[in-house]
Amino acid sequence: MDSLSTLIASLFIWISSHLYVVKADFKEPNYQPEIKFIPHEELSKIACEKPCPVVGWYPTENQIEGKEVLYMIKGGDPIKDLCIRTILLHELVHFWQDYNNAFEEEGDSQKVVFTRREQQAHILEHLYRAGQYDEYREKTGKEYKPKCCKQIAFGRCVNDAGWIDQYIKK
């Protein structure tokens, strides 16, 4: 198992052990999605259909069961970079939701389903990041100061669009 697969396996364990926080009773997927690291220009084109500060994206439509693909920005390292790892975790939550057909209730609009999915992923994302900050503080006695976005929504940095510039070759 390579280091990315090992990281994903550890994030699966983390997600599984924290589902109670969002009152979810998901079955753990018995496989991992393929992770494709692609250039920002290509990622923003498929995720937003125009230039946007997207870092990660799990498309919930047109996935083939057992061959799901999750996209991350090329140049981001989820193993070494907590910010990129947190975005990967957020997108993996969407994979779990998809695997479990979560929020697929008859009569709900796409907007309602989208909002519920994002709320759940955000709660787990923020909980994970806070735990990582606490671990860092306990080990070093210092606050963790990431060079990343403070608020990530839908795989995009919403309060500091310039944050993504470190991952884009210009």
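The values are calculated or read from the model by the stated rules, or taken from the named source; none is laboratory data. Keep in mind that what you see is a predicted model, and the values were worked out from it rather than measured. Cβ: placed from backbone, ideal geometry, glycine included. Neighbour counts: every protein chain shown. Calculation scope for accessible area: heavy atoms of the full protein, side chains included, ligands and nucleic acids excluded. Shrake-Rupley method; radii C 1.70, N 1.55, O 1.52, S 1.80 Å.
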Any hit, the range 147-161, residues being open to solvent by less than 70 Å² (accessible area, probe 1.4 Å), part of a helix (DSSP H, G or I) and at pLDDT 65 or above: no
Search result, residues across the range 1-59 that are of a type in the set (S, T, N, Q) and either surrounded by fewer than 16 Cβ atoms within 10 Å (Cβ to Cβ) or at positive phi (or both): Ser3, Ser5, Thr6, Ser10, Ser16, Ser17, Asn30
Residue in the range 94-109 that is farthest from Ile15 (Cα to Cα), counting only those that are of a type in the set (S, T, N, Q) and either assigned to a helix (DSSP H, G or I) or open to solvent by less than 50 Å² (accessible area, probe 1.4 Å) (or both): Asn100
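What do you reckon, is Tyr136 farther than 22 Å from Ile15 by Cα, modelled with pLDDT under 90, surrounded by 16 or more Cβ atoms within 10 Å (Cβ to Cβ) and more than 16 Å from the chain's Cα centre (by Cα)? Explain how you work it out, then say what you get.
On the way: farther than 22 Å from Ile15 by Cα: no; modelled with pLDDT under 90: yes; surrounded by 16 or more Cβ atoms within 10 Å (Cβ to Cβ): yes; more than 16 Å from the chain's Cα centre (by Cα): yes.
So Tyr136 fails the test.
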Conditions (1) assigned to a helix (DSSP H, G or I); (2) open to solvent by less than 20 Å² (accessible area, probe 1.4 Å); number of the one not met by Pro78: (1)
Index of the failed condition, Leu70 passing every other in (1) in contact with a helix residue (DSSP H, G or I) (Cβ under 9 Å, 6 or more places away or on another chain); (2) of a type in the set (A, V, I, L, M); (3) open to solvent by 60 Å² or more (accessible area, probe 1.4 Å): (3)
